[in-house]
Each structure stands twice: as C-alpha cells, then as structure tokens.
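K.L.:
I am attaching a structure below and will ask some questions about it afterwards.
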Amino acid sequence: MSEQNNSVADAALAALKALQKEIQETVLDTRESVDEYRIRFLSRKQGQVTALLKRIPEVAAEHRKQFGQEINAAKSLVESRIEQASSSFSGDATSGPELDFTLPGREVAEGSLHPITHALRLITKVFESYGFAVAEGPEAEDDWHNFSALNFPPDHPARDMQDTFFIEPPESDHGGILLRTHTSGVQIRVMENQKPPIRVIAPGRVYRNEAISYKSYCLFHQVEGLYVDEGVTMADLKQIIHAFARTLFGEDVKMRFRPSFFPFTEPSAEVDIWWKDDALPDGGRWMEIMGCGMVDPNVLEGVGIDSEKYTGYAFGMGIERIAMLRYGIDDIRILYENDIRFLEQFS
Ligand code: DAH
C-alpha cells in the first residue's frame, strides 16, 4: 500500500465522517427540504453520497470493504430519513397520485335568488326611484303597532287567535306579542320616530294562521308604503300606483281602484289589474294586487302628527301574488318547498 493511496483513503474517510453528521442532523420539516435533501445526497450527478461511492476504487484494498459498508450505511440512512419524513406529510393535499393538470375543472354550481327576493328587490328599486326610503320593523310585534295604533277596534276579528300567531297571549302586557300579520305596523314605528315629510316603504315577512292552500300560506311577504306631508291627496296615491303598475306589468296595463275598507285608511281602496288570459271566456280577469287609502286622521293623531296640517296615503301589497303573476306560478306553496328544480329556473 502506497503512501499516496493512504492519504486518498484518509481524505475520503474524513469526507464520509463529515457527511454522516450532516445526514443525521439536517432538519426535514417540509416537502421542499426533503427534496433538497434527496438531491444533495443521492442525486446521480451531484449527490454527495453518490460521489463518495464513486471514490471506492481509490481506497486501498484493505480499507475498501469497511469504507464501502460505511457509505452504504450512510446511503440507507438518507433513504430511511426521506421515507420517514415523507410519510409524516402524507395525507395533506399534495400527496397521493400525481395531479393531471390537463383534466377539465370541476363545475361550480351557481346559486340563484329566490323568486320572492327577485320580486322584492324589483319593487324596492322602483319605489326607491320615486324617492321612497326603506324602513324595517320587527317580525315579532306588539299589539299596539300591529293593531291598536292602526285603529283596529278591540273586538276586530283580525286580532282573533284564528288569524294571528300569538307569542304572548292577548291578556299579557302590551296586549300580547304576536307575529306581525302585516307590514302596516312599520308605518306606526316610522311616524313615532320621524316628522313629516315622510316617504318610506317597508318590505318584509308577515304571518297568518290561515288554512294552507294553493293560494294562501302561513307566511308571506308584503311591501308597505307611506307618504305623509302637507297637501297629499288621493290623486297622488293613484298617480304613484299607476306608475308602479306600468313599470311592473307594462305600459298598457289596465287597472282599477275599487272602494274598500281598512281601519287605518279613509277612504280606502283595493287595486286590481286586468290579467290577460286567453283561456278565460272574457280573455282575462281582474286580480287584486294591493290595498291602499288615505291615512286615517285617528292614526296620525295617535302618533302625534297634526291631522289638520298633514295628510298622507298608504298602501300595502302582497309580494307572493305579484311574483306569481310575473313568473306564472300557480301554487303559492311551491315558493316554500325549496325544490331546487324550481328554484334554479330563476338564476
Ligand atoms: N295591511 C293590509 C293587509 O295586510 C294591506 C294594506 C291595505 C296596507 C291598505 C295599507 C293600506 O297600507 O293602506 O291586507
């Protein structure tokens, strides 16, 4: 064995020792660090263990076996550390079979607005364009705002348990707490808090204890309207309702005001539109779309508004009825079934 051979072997051994320390101590805490680790030690071209393996022939014959074994041990250690580190990452999103980036993407199902939401937004937009602000009130309401302040006499049938869902019975404080039967109570809340001129609409959900059928349901939606100022007349009311009907049902919409009665308006009317339907003998029929009238002076006085100085009109309409007309829906219950085949037609 020559001197030279020995010094080569020593150098290779020293390199191996240094390598073993590094192999043992390198931190493998990310996928990237494992990949770098593999390349640094095992890659064919630049791997440091690979390089030492290539140097085996340089080592003197009597040291060669031991040298070879030590390198192989180092190589096994690298491999087992890689395996161990990799298995601790498995299960996260990038593990598993290789991704095929040429596959088409998954379809993202798009939701749609409920037809009631469509109709509510449309109606709100129309009245906002006339200068109405949007007001809100609670769905759990007291007797005062839902009935008394709206001039309902104490024995009015609408207060009956048959029609009204009570949360606290009528005998309790405030004459009971109930699920509001209409949005008209928001009129009272607005007038309690604002001085005229007042011009608001109040969209929202209402509840009635009614027999469920194709045309009535235990809950539905209304939009209330209220305009109070000096010199407001029935002509203003007719003008705004006519403009609204033209926007919703077309310029040539045929409509009529029919005298009616509500406790909180005097005079009162109901508004019908002529719904064309060739299947009917008359080629159509009158459909009621809202109630309206001039705010009763009693109601104004009840909230401290001088009824000698101010007058106002009010109206209230059912949204379901209007949505059903617009979208050709003939059973109200389908609006509350959440059948996706129905709902996805409105996207
Ligand atoms: N609140 C009435 C109802 O639920 C609708 C209504 C009629 C509202 C006349 C009004 C109105 O503001 O003036 O049937």
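The values are calculated or read from the model by the stated rules, or taken from the named source; none is laboratory data. Quick caveat, the model's predicted, so the values are computed rather than measured. For neighbour counting, all protein chains shown are included, and Cβ atoms are generated from backbone atoms with ideal geometry for every residue, glycine included. SASA here: full protein model, heavy atoms, side chains in, ligands and nucleic acids out. Shrake-Rupley method; radii C 1.70, N 1.55, O 1.52, S 1.80 Å.
K.L.:
Could you run through region 297-309 and say how many residues are within 16 Å of the ligand (Cβ to nearest atom) and in a loop (DSSP other than H, G, I, E, B)?
P.N.:
Residues flagged as within 16 Å of the ligand (Cβ to nearest atom) and in a loop (DSSP other than H, G, I, E, B) within region 297-309 amount to 3.
K.L.:
Moving to a separate point now. Among all residue pairs at least 6 apart or on different chains, which show Cβ distances below 6 Å where the first residue, located in region 167-187, is touching a residue at least 40 places away in the same chain (Cβ under 8 Å) and the second is part of a helix (DSSP H, G or I) and within 16 Å of the ligand (Cβ to nearest atom)?
P.N.:
180/146; 184/150; 185/145; 185/146
K.L.:
Taking region 177-189 as the region of interest, how many residues are more than 10 Å from the ligand (Cβ to nearest atom) and open to solvent by less than 10 Å² (accessible area, probe 1.4 Å)?
P.N.:
Counting residues in region 177-189 that are more than 10 Å from the ligand (Cβ to nearest atom) and open to solvent by less than 10 Å² (accessible area, probe 1.4 Å) gives 2.
K.L.:
Scan region 166-198 for residues that are out of contact with any helix residue (DSSP H, G or I) (no Cβ under 7 Å at 6 or more places or on another chain) and assigned to a strand (DSSP E or B) and report the count.
P.N.:
Counting residues in region 166-198 that are out of contact with any helix residue (DSSP H, G or I) (no Cβ under 7 Å at 6 or more places or on another chain) and assigned to a strand (DSSP E or B) gives 5.
K.L.:
Could you list, in sequence order, the residues of region 199-214 that are at pLDDT 95 or above and either in contact with a helix residue (DSSP H, G or I) (Cβ under 6 Å, 6 or more places away or on another chain) or among the β-branched types (Val, Ile, Thr) (or both)?
P.N.:
Hits for region 199-214 are 200, 201, 202, 203, 206.
K.L.:
Between 111, 131, which is open to solvent by less than 70 Å² (accessible area, probe 1.4 Å), under 30 Å from residue 236 (Cα atoms), among the small types (Gly, Ala, Ser) and not in a helix (DSSP H, G or I)? Working first, answer last.
P.N.:
Details: 111 fails: under 30 Å from residue 236 (Cα atoms).
After ruling out the rest, the residue left standing is 131.
K.L.:
Looking at region 61-69, is at least one residue under 22 Å from residue 10 (Cα atoms), open to solvent by 100 Å² or more (accessible area, probe 1.4 Å) and in contact (Cβ under 8 Å) with a residue 40 or more places away in the chain?
P.N.:
Yes, there is a match, as at least one residue in region 61-69 is under 22 Å from residue 10 (Cα atoms), open to solvent by 100 Å² or more (accessible area, probe 1.4 Å) and in contact (Cβ under 8 Å) with a residue 40 or more places away in the chain.
K.L.:
So, one more: Output the residues belonging to region 151-176 that are more than 31 Å from the chain's Cα centre (by Cα) and buried (at least 17 other Cβ atoms within 10 Å of the Cβ).
P.N.:
151, 152, 159, 170, 175, 176
K.L.:
Give me the residue from region 51-60 that is touching a helix residue (DSSP H, G or I) at 6+ places or on another chain (Cβ under 6 Å) and assigned to a helix (DSSP H, G or I) and, out of that set, nearest to residue 14 (Cα to Cα).
P.N.:
Step by step, filter region 51-60, then rank; the result is 52.
K.L.:
Output the strands (runs of 3 or more DSSP E) that fall wholly within region 203-296 and possess 3 or more residues being surrounded by 20 or more Cβ atoms within 10 Å (Cβ to Cβ), or say none. I'd like the intermediate steps shown before the answer.
P.N.:
Details: elements: 219-229, 255-262, 265-276, 284-295.
Of the strands (runs of 3 or more DSSP E) lying wholly inside region 203-296, those with at least 3 residues that are surrounded by 20 or more Cβ atoms within 10 Å (Cβ to Cβ) span 219-229, 265-276, 284-295.
K.L.:
Another one. Return yes or no: is residue 158 part of a helix (DSSP H, G or I) and modelled with pLDDT under 95?
P.N.:
yes
K.L.:
Here is a further query. Condition first: farther than 20 Å from residue 319 by Cβ and among the charged types (D, E, K, R). Now tell me which residues in region 138-165 satisfy that.
P.N.:
Correct list: 142, 143, 155, 159, 160.
K.L.:
Just the residues that are within 16 Å of residue 190 (Cβ to Cβ) and surrounded by fewer than 19 Cβ atoms within 10 Å (Cβ to Cβ), please, taken from region 140-150.
P.N.:
Correct list: 144 only.
K.L.:
May I ask you to list pairs of residues, at least six apart or on different chains, whose Cβ atoms are under 7 Å apart, with the first in region 147-165 being among the small types (Gly, Ala, Ser) and the second being surrounded by fewer than 20 Cβ atoms within 10 Å (Cβ to Cβ)?
P.N.:
Close Cβ pairs (under 7 Å, with a partner that is surrounded by fewer than 20 Cβ atoms within 10 Å (Cβ to Cβ)) amount to 148/175; 149/302; 149/303; 158/152.
K.L.:
Of all residues in region 13-50, how many are open to solvent by 50 Å² or more (accessible area, probe 1.4 Å) and either part of a helix (DSSP H, G or I) or not assigned by TED's automatic domain parsing to the domain that holds residue 80 (or both)?
P.N.:
Step one: list which residues in region 13-50 are open to solvent by 50 Å² or more (accessible area, probe 1.4 Å), which gives 13-14, 17-18, 20-22, 24-25, 27, 29-32, 35-36, 38-40, 44-46, 48.
Among the residues that remain, those that are also either part of a helix (DSSP H, G or I) or not assigned by TED's automatic domain parsing to the domain that holds residue 80 (or both) are: 13-14, 17-18, 20-22, 24-25, 31-32, 35-36, 38-40, 48.
Adding up the residues that qualify gives 17.
K.L.:
Let me ask something additional. Quick one: residue 135 ticks every box in (1) touching a Leu at 6+ places or on another chain (Cβ under 9 Å); (2) farther than 20 Å from residue 318 by Cα except a single one, so which number is it?
P.N.:
So the condition that residue 135 fails would be (2).
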